[in-house]
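Okay, structure first, notes after.
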Amino acid sequence: MTRGSTLSAHRLSDLPDRLAVPALPEQTRTPPPAPTALDGFNGVPAAEARRLLLSCLRSLRWAHRVTVHRPYPTLDALLAASDEAAYDLTASDLAEALAGESLPALSPHAYGAAHMALNAAHAAYEARFGHLFVICLDGVPPHESLDHTLEAIRSRLANDPEEERVVTAEELRRLARARLASLLRTGG
């Protein structure tokens with residue numbers, strides 16, 4: 001009886017009746033990837049996820065909507081869900097989120113250099129719209145943040161209340177997105 005072989009057989013010189021089996025290349029095992037901040041966010045209990053999200057935007061509805069759609073496969077998917085939830089904020093959701101905001105973070109010397117102008121602009125804005133001025137300064141160089149903020153306040157003071165509600169909602173969405181991305185890139 002003749003056996004067919006798909007592998008070439010080698011005879012061992014010291015064992016004439018035995019066939020040698022070719023050695024298989026050593027299998028290398030790649031270790032599983034290290035857990036990421038996103039993995040951590042996806043895996044924490046819902047209450048903890050909401051707490052983390054509320055540090056980005058103080059809207060219970062927004063935090064709930066982002067939490068219930070976990071797990072997110074990528075940071076981009078999470079940020080897209082964050083954006084989508086922010087687009088749906090109602091007037092009361094905006095008021096809740098605005099209540100948790102503070103003045104934009106400017107360099108310390110900026111407040112000293114233009115303290116009166118900035119305070120006056122903030123006061124005028126709050127008197128006109130009844131809430132704190134919010135702006136996302138993501139991508140604005142620190143040395144330009146004061147000018148950018150003052151220009152935005154002056155420009156937005158010309159908005160009617162409904163126009164400003166839309167602009168404010170967009171700024172809150174951008175703030176939440178930037179904070180969430182920063183939170184998950186730094187790991188907490």
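The values are calculated or read from the model by the stated rules, or taken from the named source; none is laboratory data. Just so you know, these numbers come straight off a predicted model, no measurement behind them. All Cβ positions, even for glycine, are placed from backbone atoms using ideal geometry, and neighbour counts span all protein chains on display. Areas reflect the complete protein model, heavy atoms only, side chains present, ligands, DNA and RNA absent. Shrake-Rupley method; radii C 1.70, N 1.55, O 1.52, S 1.80 Å.
Identify all residues within the stretch 51-75 that are basic (Lys, Arg), over 19 Å from ALA178 (Cβ atoms) and open to solvent by 70 Å² or more (accessible area, probe 1.4 Å); write none if there are none.
ARG61
Which condition number does ALA47 fail, the rest of (1) open to solvent by 60 Å² or more (accessible area, probe 1.4 Å); (2) aliphatic (A, V, I, L, M); (3) within 17 Å of the chain's Cα centre (by Cα) being met?
(3)
SER102: farther than 30 Å from PRO35 by Cα, modelled with pLDDT under 95, of a type in the set (Gly, Ala, Ser) and loosely packed, with under 12 Cβ neighbours inside 10 Å, yes or no?
Considered against the rule, which asks whether it is farther than 30 Å from PRO35 by Cα, modelled with pLDDT under 95, of a type in the set (Gly, Ala, Ser) and loosely packed, with under 12 Cβ neighbours inside 10 Å, SER102 comes out as yes.
Can you tell me which of GLU170, GLU163 is touching a Cys at 6+ places or on another chain (Cβ under 9 Å), under 21 Å from SER92 (Cβ atoms) and of a type outside the set (S, T, N, Q)? Working first, answer last.
Values: GLU163 fails: touching a Cys at 6+ places or on another chain (Cβ under 9 Å).
Only one candidate passes the filter, namely GLU170.
Name the pairs: first residue in the stretch 39-65 and more than 20 Å from LEU89 (Cα to Cα), second residue surrounded by fewer than 18 Cβ atoms within 10 Å (Cβ to Cβ) and not basic (Lys, Arg), Cβ to Cβ under 6 Å, at least 6 apart or on different chains?
Listed pairs, sorted by first residue: ASN42/PRO71.
Going through the stretch 137-188 one residue at a time, which ones are within 22 Å of LEU38 (Cβ to Cβ) and hydrophobic (A, V, I, L, M, F, W, C)?
Of everything in the stretch 137-188, those that are within 22 Å of LEU38 (Cβ to Cβ) and hydrophobic (A, V, I, L, M, F, W, C) turn out to be LEU175, ALA176, ALA178, LEU180, ALA181, LEU183, LEU184.
Condition first: free of Cβ contacts under 8 Å to residues at least 12 places away in the same chain, on the phi < 0 side of the Ramachandran plot and over 23 Å from the mean Cα position of the chain (by Cα). Can you find one or more residues in the stretch 169-186 that meet it?
No, that holds for no residue.
Going through the stretch 123-137 one residue at a time, which ones are open to solvent by 10 Å² or more (accessible area, probe 1.4 Å) and of a type outside the set (Asp, Glu)?
ALA123, ALA124, ALA127, ARG128, PHE129, GLY130, HIS131, LEU132, ILE135, LEU137
So which of ILE153, ILE135 is touching a residue at least 24 places away in the same chain (Cβ under 8 Å) and over 17 Å from ARG179 (Cα atoms)?
Working: ILE135 fails: over 17 Å from ARG179 (Cα atoms).
From the options ILE153, ILE135, the qualifying one is ILE153.
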